[in-house]
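Let me begin by presenting the structure, written as structure tokens, before commenting on it.
Quick note: the coordinates plus some simple rules give every number you see, no bench work behind them. The structure displayed is predicted, hence computed values, not measured ones. As a convention, Cβ positions derive from the backbone with ideal geometry for all residues, glycine included, and neighbour counts pool all protein chains shown.
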Amino acid sequence: MIQSAKQRISGWGRCPVEECAVFRPEKRRDLEELLSEGGPTEYIARGLGRSYGDAAINGGGSVISMVRLNRMLGWDAERGIVECEGGVSLEELIDTFLPRGWFLPVTPGTKFVTVGGAIAHDVHGKNHHGEGSFSKYVLDLELVTPTGDVMTCSPERNPDAFWATVGGAGLTGLILSARIQLHPVETAYVRVDYHRCENIDTVLAAIRETDQQYKYSVAWVDCLAKGKNLGRSVLMLGEHLPLKDLPLSIGGPYKVKRKLQPNVPIDFPSLMLNPLSIWAFNTMFYAVHPSAQGKIIDYNTYFYPLDAIHNWNRIYGKRGFTQYQATFPLDATEGLVQLLEKLSKSSRASFLAVLKRMGPASRGLLSYPFEGYTLTLDIPMKASLIPFLHECDELVLKYGGRLYLAKDVSTKPEVFAAMYPLLNVFKEVKGKLDPEGRLSSDLARRLRIVDPRKTDAS
Amino acid sequence: MSNANGQSIVILGATSSVARALAHEFARRGSPLIFAARDTDDAAVIAVDTEVRFGVPTQVVRFDADRMENLPRTLERCLEVADGDIGGVVLCYGYMDEQKKAQADPDIAERTMNINLTSAVIVLEQFAAYFADRKAGFIAALSSVAGDRGRQSNYLYGASKAGLTAYLQGLRNRMAPCGVPVTTIKPGFMDTKMTFGLPGLFLVASPEQAGQAIHYAIVRKKDVVYVPWFWRYIMLIIRHVPEKIFKRMKM
């Protein structure tokens with residue numbers, strides 16, 4: 001059997017940090033052996049570690065790193081369907097298939113996530129309002145359950161397992177492989193229109209007006225602006241650039257200039273991020289983005305601005321940060337405004353917040369996205385933050401909103417249960433796939449998706 | 001170098017993460033690949049992966065360095081599946097068990113020598129004759145820094161790799177007149193299945209970094225390279241500690 005390494009690991013927010021026994025299979029056989037003969041009794045899969053909170057850590061237990069199971073298994077060039085192992089990253093998919101005219105059907109704000117992770121959190125992107133979440137493009141997937149069975153799941157085959165696995169935070173099994181429908185594009189570029197909006201009302205109106213005309217839509221909100229400027233934003237609307245509009249100077253439809261990729265080598269001292277520096281950043285962002293039409297931007301700059309800085313999470317220092325994301329129903333914009341006000345007043349410094357209209361939900365039992373407005377922002381971690389976040393959670397719940405498992409780090413089990421009415425159905429399906437309760441994580445225990453450990457004092 | 005001219009590159013021991021990363025470097029530049037491995041199921045997955053990513057033809061050949069009786073036909077079997085000529089061979093496999101076990105169990109000691117040294121000699125001689133005849137091609141092999149000096153913590157593995165290093169040195173000397181480069185790769189710490197979870201590793205190279213460095217060394221027809229490069233200097237120091245002192249050190 002392959003050996004494990006004791007490692008202290010965390011999510012991308014770098015809080016909490018837990019010691020886990022990490023296994024890293026390099027082939028299917030390693031994984032089969034690991035699960036069959038006296039392997040770990042309690043484990044969770046982990047990809048590239050980009051979920052922010054405690055979804056892919058398992059303190060005192062085991063973690064199975066899937067990153068070396070990253071082989072592509074097939075490619076249908078006619079229909080743009082790729083079959084690959086769960087550890088393949090979105091970056092690898094782009095590097096391989098964008099030069100052939102195919103892009104991801106849905107992408108989150110980083111390409112450093114695995115296909116398995118994208119499925120396990122049913123990730124969404126700037127096109128959710130029109131095109132839904134990642135699971136919509138998963139034709140089928142292979143799930144290895146703790147019994148060692150390999151199950152092919154799709155909306156037609158083993159649908160219960162499929163809809164529990166998409167958005168299921170890895171708690172139904174290990175995602176060995178998947179077939180994914182890619183999206184045809186003519187260039188590697190996006191044409192972007194920018195609209196400056198003075199406050200939350202104007203940005204919401206602008207989103208309603210423009211959303212259906214554009215494939216991609218997202219607003220960056222200055223969450224330090226107060227009073228009549230509350231929710232001051234820049235709405236960014238994008239379309240894949242058609243070949244006929246490609247400037248000759250670019251030199252080819254899929255040519256993208258390689259940029260320097262700076263690294264953040266060390267933790268920044270926590271003083272670096274203070275209300276003044278954040279205010280300066282947010283004000284500057286607003287100032288350098290006047291309303292403009294038809295700017296042509298390469299896919300990296302448009303979809304993955306932060307990927308250009310490796311280890312950007314270190315700017316929040318040793319204590320880490322949390323990314324708070326909540327979706328409110330369409331008719332509950334009042335709740336959204338209240339949350340924004342609460343954050344703005346508290347001066348808990350954050351860089352830009354992101355606001356986006358979401359489309360209809362998928363059928364994933366624990367999938368996060370549903371029709372409404374989602375607000376996302378980074379908040380540096382402090383002890384005093386947790387009670388504040390609990391207040392925010394109550395507000396979100398009151399307006400019928402919901403939090404995202406890929407990001408949450410602090411909500412209470414009863415709040416979570418109230419936000420996810422299908423939780424009991426999920427638990428039932430998980431019970432069938434994992435009768436001995438081997439799949440677990442810090443997140444699963446914190447939110448009582450699984451029972452607490454018998455040895456836990458709590 | 002025989003890249004992208006349709007000549008196949010043979011990767012012996014193709015299922016390690018470093019071998020795969022190296023294969024990707026060749027495939028990226030258009031070379032067809034022949035993956036020789038014991039685990040042909042996994043090699044087939046790696047072959048398909050390489051085809052999907054880089055659109056080059058690939059083949060899989062069953063190859064088990066521990067089965068001496070099959071080794072003399074290695075080149076023949078590669079030629080059977082190759083579409084055209086073979087342009088180069090890279091030996092990527094190795095066998096390392098715990099030193100203490102190898103000391104106590106002659107089978108493990110023998111296996112270490114057989115896989116790391118004897119099989120390499122039997123196989124590479126076939127390729128050497130083939131390339132010498134054609135006055136073209138290249139040979140590269142992954143030896144180890146462990147072969148630079150015997151240490152109590154893994155001298156059996158180290159001895160087998162020292163033998164391989166000396167063998168490659170001689171082969172390089174023999175092949176130089178026919179213009180066939182022989183490259184000895186000496187990896188330091190790499191983040192592989194062999195080393196995952198071992199304590200005391202530092203400045204570990206990822207398989208991708210190692211693959212790029214090894215490919216570069218082969219293309220530039222280097223003689224001996226350390227991967228990562230600074231291991232040359234670490235080993236320079238280690239090799240120069242006087243034996244009187246070295247024999248009392250705990251390494």
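Given a Förster radius of 35 Å and the C-beta distance between A:Asn263 and A:Glu33 as r, what FRET efficiency does 1/(1 + (r/R0)^6) yield to the nearest 0.05? Could you put the intermediate results ahead of the total?
Values: r = 36 Å, r/R0 = 1.04.
Working from the Cβ atoms, E equals 0.45.
Please give the calculated 222 nm ellipticity per residue for the protein assembly as shown, where each DSSP H segment of at least 4 residues contributes -39500 (n - 2.57) and the sum is spread over every residue; nearest 500 deg cm²/dmol? Intermediate results must be reported in sequence, preceding the final value.
Numbers: 23 runs with 228 residues, N = 709.
The per-residue figure over the protein assembly as shown is -9500 deg cm²/dmol.
Any idea what the dipole of chain A comes to, in debye rounded to 20, about its Cα centre with Lys/Arg Cβ at +1 and Asp/Glu Cβ at -1?
Here chain A has a charge dipole of around 1100 debye.
Starting from the eigenvalues of the Cα gyration tensor, five times each then square-rooted, give me the equivalent ellipsoid semi-axes of the stretch A:55-131, largest first, whole Å. Before the final figure, lay out each step's value.
On the way: eigenvalues 117, 56, 18 Å².
Semi-axis lengths for the stretch A:55-131 are 24, 17, 9 Å.
Quick one: if the Förster radius is 22 Å, what FRET efficiency do A:Glu391 and A:Asp331 give, using the C-beta to C-beta distance and rounding to 0.05?
Values: r = 22 Å, r/R0 = 1.02.
Efficiency, from the Cβ-Cβ distance: 0.45.
Using the Kirkwood radius over C-alpha pairs as Rh, can you work out the diffusion coefficient of the stretch A:305-458 via Stokes-Einstein at 10 °C, viscosity 1.306 mPa s, in µm² per second? Please list the in-between numbers first.
Numbers: Rh = 16.9 Å.
For these conditions, the coefficient is 94 µm²/s.
Treating the stretch A:28-68 as a set of equal point scatterers at the Cα positions, no solvent, please give the Debye-formula log₁₀ I(q)/I(0) at q = 0.28 Å⁻¹.
-1.02
Step through the residues of the stretch A:55-69 one at a time and calculate ³J(HN,Hα) from phi using the Karplus curve (6.51 cos²θ - 1.76 cosθ + 1.60, θ = phi - 60°), rounding each to whole Hz and writing x for Gly and Pro.
Using θ = phi - 60°, the values come out as 6, 10, 10, 8, x, x, x, 10, 10, 9, 6, 9, 5, 8, 8 Hz.
What is the spin-label model distance, in nm, from B:Lys247 to A:Glu198 if the labels are put 7 Å beyond Cα along the C-beta direction?
About 8.9 nm, to one decimal.
On average over all directions, what projected area in square nanometres does the stretch A:144-208 have, based on the convex hull of its Cα atoms? List each step's numbers first, then the result.
Working: hull surface 32.9 nm².
Computed as one quarter of the Cα hull surface, the answer is 8.2 nm².
Consider just the alpha-carbon atoms of the stretch A:175-244 and return their Rg together with their Dmax, both in angstrom.
16.3, 51
What percentages make up the Cα-Cα pair-distance distribution of the stretch B:123-251 when the bins are 5 Å wide from 0?
2, 10, 18, 21, 19, 14, 9, 5, 2, 0
Taking the Kirkwood radius as the inverse of the mean 1/r across Cα pairs, report the Rg/Rh of the stretch A:227-299. Numbers along the way, then the final one.
Numbers: Rg = 17.8 Å, Rh = 16.5 Å.
With Rh from the inverse mean 1/r over Cα pairs, Rg/Rh is 1.08.
How large is the dipole of the stretch A:262-335 about the Cα centre if only Lys and Arg carry +1 and Asp and Glu carry -1, each at its Cβ, rounded to the nearest 20 debye?
Details: 4 positive and 5 negative charges, 62 e Å.
So the magnitude is around 300 debye.
Please identify, among B:Met194, B:Met96, B:Met175, the residue showing maximal mean-square fluctuation in a Gaussian network model of chain B using a 10 angstrom Cα cutoff.
Evaluated over chain B, the most mobile residue of the options is B:Met194.
I need the semi-axes of the equivalent ellipsoid of chain A: take the C-alpha gyration tensor, multiply each eigenvalue by 5, square-root it, list largest first in whole angstrom.
On the way: eigenvalues 220, 150, 88 Å².
After scaling each eigenvalue by five and taking roots: 33, 27, 21 Å.
For the stretch B:1-102, with the dipole built from +1 on Lys and Arg beta-carbon atoms and -1 on Asp and Glu ones, taken about the Cα centre, which of B:Gly88, B:Leu22, B:Ile34 lies farthest toward the positive end?
Of B:Gly88, B:Leu22, B:Ile34, it is B:Leu22.
If we count every other residue with Cβ under 15 angstrom of B:Ala109's Cβ, Lys/Arg +1 and Asp/Glu -1, where does the sum land? Don't skip to the answer; put the middle values down first.
Values: positive: B:Lys100, B:Lys101, B:Arg111, B:Lys161; negative: B:Asp66, B:Asp97, B:Glu98, B:Asp105, B:Asp107, B:Glu110.
Here the count lands on -2.
Determine the distance separating the Cα centre of the stretch A:64-117 from the Cα centre of the stretch A:163-230; give it in Å without decimals.
Measuring centre to centre over Cα atoms gives 20 Å.
Once you have the Kirkwood Rh of the stretch B:94-194 from its Cα pairs, apply Stokes-Einstein at 10 °C and 1.306 mPa s and quote D in µm²/s.
On the way: Rh = 14.3 Å.
Stokes-Einstein gives a translational diffusion coefficient of 111 µm²/s.
Mind computing the radius of gyration and Dmax over the alpha-carbon atoms of chain B? Å is fine for both.
Gyration radius and largest Cα-Cα distance of chain B: 17.6, 56 Å.
What nm value, rounded to one decimal, do you get for the distance between A:Ala308 and B:Glu80 when each label is placed 7 Å out toward the C-beta?
Inter-label distance under the simple model: 5.5 nm.
Need one word for the stretch B:1-148: rounded, prolate or oblate. Basis is the Cα gyration tensor (sqrt eigenvalues a ≥ b ≥ c); a/c below 1.5 gives rounded, then a/b vs b/c decides. Intermediate values should be presented prior to the final figure.
Numbers: a/c = 1.96, a/b = 1.56, b/c = 1.26.
Since a/c reaches 1.5 and a/b is larger than b/c, the shape of the stretch B:1-148 is classed as prolate.
Please work out whether the stretch A:76-169 counts as rounded, prolate or oblate from its C-alpha gyration tensor, where a ≥ b ≥ c are the square roots of the eigenvalues and a/c under 1.5 means rounded, while otherwise a/b larger than b/c means prolate and anything else oblate? Don't skip to the answer; put the middle values down first.
On the way: a/c = 1.67, a/b = 1.45, b/c = 1.15.
Here the stretch A:76-169 falls in the prolate category.
Compute log10 of I(q)/I(0) for the stretch A:160-317 with the Debye formula, placing one identical point scatterer on every Cα and leaving out solvent, at q = 0.18 Å⁻¹, to two decimals.
-1.20
I'd like to know which of B:Val182, B:Pro242, B:Ala217 lies farthest towards the positive end of the charge dipole of the protein assembly as shown, counting +1 on Cβ of Lys and Arg and -1 on Cβ of Asp and Glu.
Positive-end residue among those listed: B:Pro242.
Once the Cα gyration tensor of the stretch B:182-251 is diagonalised, what are the square roots of 5 times its eigenvalues, in whole Å and ordered largest first, as equivalent ellipsoid semi-axes? All intermediate terms of the calculation are to be shown ahead of the outcome.
Numbers: eigenvalues 120, 65, 13 Å².
Values for the stretch B:182-251, descending: 24, 18, 8 Å.
If we count other beta carbons within 10 Å of each Cβ, what is the order of A:Tyr299, B:Tyr130, A:Tyr324, fewest first?
Working: A:Tyr299 23, B:Tyr130 19, A:Tyr324 29.
So the ranking, lowest neighbour count to highest, is B:Tyr130, A:Tyr299, A:Tyr324.
With unit charges on the beta carbons (Lys and Arg positive, Asp and Glu negative) and the dipole taken about the Cα centre of the stretch B:120-251, which residue among B:Leu168, B:Gly150, B:Ile122 sits farthest to the positive side?
The one lying farthest along the dipole's positive direction is B:Gly150.
Mind putting a number on the dipole of the stretch A:95-205 about its Cα centre? Charges go on the C-beta only, +1 for Lys and Arg and -1 for Asp and Glu, and I need it in Debye to the nearest 20. All intermediate terms of the calculation are to be shown ahead of the outcome.
Working: 8 positive and 12 negative charges, 53 e Å.
The dipole of the stretch A:95-205 has a size of about 260 debye.
For the stretch A:1-99, state the average projected area of the convex hull of the C-alpha atoms over all orientations, rounded to one decimal in nm². Walk me through the numbers before you get to the answer.
Details: hull surface 28.8 nm².
Result: 7.2 nm².
Counting other beta carbons within 10 Å of each Cβ, put A:Ile309, A:Ile2 in order, fewest first. Intermediate results must be reported in sequence, preceding the final value.
Values: A:Ile309 14, A:Ile2 18.
The most exposed by this proxy come first: A:Ile309, A:Ile2.
How many nm separate the modelled label positions at A:Asn424 and A:Arg319, each set 7 Å beyond the Cα in the direction of the Cβ?
For the pair A:Asn424/A:Arg319, the computed spacing is 4.1 nm.
Counting only Cα, what are the radius of gyration and maximum Cα-Cα distance Dmax of the stretch A:301-342, in Å?
Over the stretch A:301-342's Cα set, Rg and Dmax evaluate to 15.1, 39 Å.
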